[in-house]
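So the structure is just underneath, and the comments pick up after that.
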Amino acid sequence: MVGLGFTDRTLTDEEISSLVRSALALSDLAGKRVLVIIPDGTRTAPLPRMFRLLCNTLLGHVAALDFLIALGTHQPMSQEQIGKRLGVQPEEWTTTLAGVHVYNHEWHKPETFVTLGTISAAEVEAISGGMLCQPVPVRINRLVTQYDQIIICGPVFPHEVVGFSGGNKYFFPGVSGPELIDLSHWLGALITSYQIIGRPGITPVRALIDRAAGLIAAPKLCLAMVVAPGKTELAGLYAGTPEAAWAEAASLSAKVHITYVDQPFQRVLSIMPAMYDDIWTAAKGMYKLEPVIADGGEVVIYAPHITEFSYTHGKLLAAIGYHTRDYFVKQWERFKHYPGGVLAHSTHLRGIGQYDPINGERPRIRVTLATGISPERCAAHNLGYLDPCQINIAEWEHREHEGILVVPKAGEMLYRLKV
């Protein structure tokens, strides 16, 4: 593995180029078919720079160079969105980049997938510490099996399901079949985002996806990026196996992507950037702030541009609403037929709490939406509503001493209480 990372500066263009070229040279890619897996628009990363570097280094030396967008179950990107994401002008696809293909992960098409094997119920039970006991087929986008070399090129951040994102997560759930998506996300929900987000080392969910990635036959190289807070420059870049590169990147991410505060806050205004276009993705404004909200406090997700809970899973969310983990677990016969990934998202946004049939549901904190979603729909989904037109951000700012916190561009920095 090769890599560099800093907490007090960003990498230079020369350092990034040298690291990438060294890693590619060690992989001996001449004459091979190469597939690069990249994130969609919901992750901050200097993808135009990395895309150009990969293309400039590999084109003319490899038999094929293609890219696959790790959508999970997010909406596909249009050709215009892909061009903007990669910094490519339309005419370049037929000139300097002729022959390079960029594919959306077509998760909604059954023919997209191929089965690599099955993780047994006994293994799932051991990995999950007894929380789950069921076999799970490992299905993945068949493109992963049609190339000589797979390269993961994506950032690492604290993550609500797996601890820290990146590495083999770009396979599962990035280009995964629904079975492992649902199982891994529900396992994360059982542990709770509160407990797992930003947790160092190999979490049970990380162990599960690493086990699944072990079934991929093609050689794998990971370019694990650590993006400097509030920027698109890199604080770190590590290249090696997905496991080794991710471990180094996660260690640096824990230093640069976690903000520690002295006391919990009664109200937090999470201002969500436009790259999150529904609550399914903008819920990170809750995940990353939940640890510093006082019992009985409130997080307000401020995103006037958002008008939908989920473009993909909206109907299912309308049926179940947003609830704590125990609300589902203690009524499992009622909810066991819903996809685990949808149930997990519901619990992650609603946060930890308690439920029993007599006293009902008692979430630890309140979750309020200040979005383009109506008060009626918020109430039907078991969430609070605040008119975004009535929010003057300036009136919220600089009131930390009153227990009020404003977080601009929420969703990537994790907030924790000092021990």
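Looking only at residues of segment 360-419 that are of a type in the set (F, W, Y) and farther than 30 Å from L252 by Cα, we find that the one that is farthest from the chain's Cα centre (by Cα) is W396.
Pairing residues of segment 135-153 that are under 19 Å from T73 (Cα atoms) and in the same structural domain as L71 (by TED's automatic domain parsing) with residues that are assigned to a strand (DSSP E or B) and of a type in the set (F, W, Y), at Cβ distances under 7 Å and at least 6 apart in sequence or on separate chains, gives R139/F113; I140/F113; N141/F113; R142/F113; L143/Y103.
Is one or more of the residues making up segment 190-204 modelled with pLDDT of 95 or more, surrounded by 24 or more Cβ atoms within 10 Å (Cβ to Cβ), outside the structural domain of K284 (by TED's automatic domain parsing) and within 21 Å of T73 (Cα to Cα)? Yes, there is a match, as at least one residue in segment 190-204 is modelled with pLDDT of 95 or more, surrounded by 24 or more Cβ atoms within 10 Å (Cβ to Cβ), outside the structural domain of K284 (by TED's automatic domain parsing) and within 21 Å of T73 (Cα to Cα).
Taking segment 295-313 as the range and being assigned to a strand (DSSP E or B) and not β-branched (V, I, T) as the test, the residues that pass are D295, G296, G297, E298, Y302, A303. Pairs linking a residue in segment 106-134 that is in the same structural domain as A207 (by TED's automatic domain parsing) to a residue that is among the small types (G, A, S), with Cβ atoms under 6 Å and 6 or more positions apart or on different chains, are F113/G177; I127/A207; C133/A121; Q134/A121. Taking the condition surrounded by 19 or more Cβ atoms within 10 Å (Cβ to Cβ), farther than 18 Å from S165 by Cα and either charged (D, E, K, R) or modelled with pLDDT of 95 or more (or both), does L35 pass? Against the criterion (surrounded by 19 or more Cβ atoms within 10 Å (Cβ to Cβ), farther than 18 Å from S165 by Cα and either charged (D, E, K, R) or modelled with pLDDT of 95 or more (or both)), L35 qualifies. Within segment 8-27, one or more residues are in the same structural domain as G166 (by TED's automatic domain parsing), of a type outside the set (A, V, I, L, M) and under 22 Å from Q146 (Cβ atoms). Selection of segment 282-328 for residues being exposed (fewer than 15 other Cβ atoms within 10 Å of the Cβ) and among the aliphatic types (A, V, I, L, M) yields A318, A319. Among the residues of segment 1-54, those that are among the hydrophobic types (A, V, I, L, M, F, W, C) and part of a helix (DSSP H, G or I) comprise I16, L19, V20, A23, L24, A25, L26, L47, M50, F51, L53, L54. A residue that is in a strand (DSSP E or B), in contact (Cβ under 8 Å) with a residue 60 or more places away in the chain and closer than 24 Å to P135 by Cβ cannot be found anywhere in segment 202-209. Give the residue that is farthest from H185 (Cα to Cα), with candidates limited to residues of segment 339-389 that are surrounded by fewer than 23 Cβ atoms within 10 Å (Cβ to Cβ), of a type in the set (D, E, K, R) and in contact with a strand residue (DSSP E or B) (Cβ under 8 Å, 6 or more places away or on another chain). Of everything passing the filter in segment 339-389, D387 is farthest from H185 (Cα to Cα).
Taken as a whole, the condition of being more than 21 Å from H401 (Cα to Cα), under 16 Å from the mean Cα position of the chain (by Cα) and of a type in the set (S, T, Y) applies to Y276.
Is segment 336-345 home to any residue that is among the hydrophobic types (A, V, I, L, M, F, W, C) and out of contact with any His (no Cβ under 9 Å at 6 or more places or on another chain)? No, the conditions are met nowhere in segment 336-345. Scanning segment 146-154 turns up at least one residue that is under 29 Å from A254 (Cα atoms), touching a Gly at 6+ places or on another chain (Cβ under 9 Å) and of a type outside the set (A, V, I, L, M). Of all residues in segment 73-130, which are exposed (fewer than 13 other Cβ atoms within 10 Å of the Cβ), of a type in the set (D, E, K, R) and assigned to a loop (DSSP other than H, G, I, E, B)? Selection gives K109 alone.
Scanning segment 314-336 for residues that are of a type outside the set (D, E, K, R) and either over 23 Å from the mean Cα position of the chain (by Cα) or outside any loop (DSSP other than H, G, I, E, B) (or both) turns up G314, L316, L317, A318, A319, I320, Y327, F328, V329, Q331, W332, F335. For segment 232-267, the candidate set comprises residues that are among the polar types (S, T, N, Q) and either touching a Gly at 6+ places or on another chain (Cβ under 6 Å) or surrounded by fewer than 24 Cβ atoms within 10 Å (Cβ to Cβ) (or both); within that set, the residue that is farthest from S165 (Cα to Cα) is Q266. Can you run down the residue pairs with Cβ atoms below 9 Å, 6 or more apart or on separate chains, where the first is in segment 73-90 and without any contact (Cβ under 8 Å) to a residue 12 or more places away in the chain and the partner is of a type in the set (F, W, Y) and surrounded by 14 or more Cβ atoms within 10 Å (Cβ to Cβ)? Pairs found: Q79/W93; G83/W93.
The values are calculated or read from the model by the stated rules, or taken from the named source; none is laboratory data. Please read these numbers as outputs of a predicted model, since none were measured by experiment. For neighbour counting, all protein chains shown are included, and Cβ atoms are generated from backbone atoms with ideal geometry for every residue, glycine included.
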